[in-house]
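Each remark here refers to the structure printed beneath this line.
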Amino acid sequence: MTDRNSMKHSGNLSAFSLIEIVLAMGIISFTLTSIMGVLSVSMGSSKASTDDTVIAAMVNDVVGDLRRQSFDAAKNYVQAASSPVVFFDSCGRRLRNNTGMVDLDRPSALAAGAVYQCTQTAQTDNDTSSANGTANMLRANLVFTWPAAAIPPPNSRVIHASIARYN
């Protein structure tokens, strides 16, 4: 039998101590936690940026429709007893019926995959009235909410647009 104390080691053995391993694991876990935090914030910012881009396209669609009408027709449309509601898909495309002419009602829009909803209201700006008292400016309020199926929807943006009479 060989005595342990009498064994001679040939060469140097190198290894990490337990303290070094624990310290390295602590540094790695701190780094990974920081990276996960940054990813979380950047994903939220990316989602908000995507929503803003889609909303800009939808605003362009709705305001464009209002501006293509005569001033009085646009005023009557948005000041109707029930505020007009328009639905959009996840890419910001307006949902219409098969002919492409009429906006869908809520049940049909939800069945077609509506993600965004826009409620339109407006008021005339009496400060810009002509000498005979005719209003020349319409202030439209567009309230975009999503997801459209949620009641109440957790996300919303309010956009204000002005429609002028050019006569």
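Every number here is computed from the coordinates shown, using simple stated rules; none is lab data. Fair warning: this is a prediction, and the values are worked out from it, not measured in the lab. All Cβ positions, glycine included, derive from the backbone under ideal geometry; neighbour counts span all protein chains shown.
At most 15 other Cβ atoms within 10 Å and a DSSP loop assignment: could you name the trypsin sites (Lys or Arg not before Pro) in the range 31-69 that fit?
When the trypsin sites (Lys or Arg not before Pro) of the range 31-69 are filtered for loop state and at most 15 Cβ neighbours within 10 Å, nothing remains.
Between Arg68 and Phe30, what length comes free when the chain is fully extended (0.36 nm per residue of separation minus the Cα-Cα distance, one decimal in nm)?
Working it through step by step, the gained length comes to 7.9 nm.
What residues have an amide H closer than 5 Å to that of Asn155, excluding those fewer than 5 places away on the same chain, when H is modeled at 1.01 Å from N in the peptide plane?
Hits under the 5 Å cutoff: Trp146.
Any idea which of Ser83, Val115, Phe71 is furthest toward the positive side of the dipole for the chain, if Lys and Arg beta-carbons carry +1 and Asp and Glu beta-carbons -1?
Of the options given, the answer is Val115.
What per residue convex hull volume, in Å³, comes out for the range 53-164 when only alpha-carbon positions are used?
That works out to 107 Å³ per residue.
Specify the angular offset, from 0 to 90 degrees and rounded to the nearest 10, of the alpha carbon long axis of helix 18-68 from the longest principal axis of the alpha carbons in the chain.
Tilt relative to the chain: about 10 degrees.
Multiply the residue gap between Asp105 and Ser40 by 0.36 nm, knock off their C-alpha separation, and tell me the result in nm, one decimal place.
Difference between extended and current length: 19.7 nm.
Please compute one quarter of the surface area of the Cα convex hull for the range 7-113 and express it in square nanometres.
One quarter of the hull surface, i.e. the mean projection, equals 14.7 nm².
What longest range of the chain stays clear of loop-exposed chymotrypsin sites (Phe, Trp or Tyr not before Pro) (DSSP non-H/G/I/E/B, at most 15 other C-beta within 10 angstrom)?
17-165
If you rank Cys118, Cys91 by fewest surrounding Cβ atoms within 10 Å, what's the result?
Cys91, Cys118
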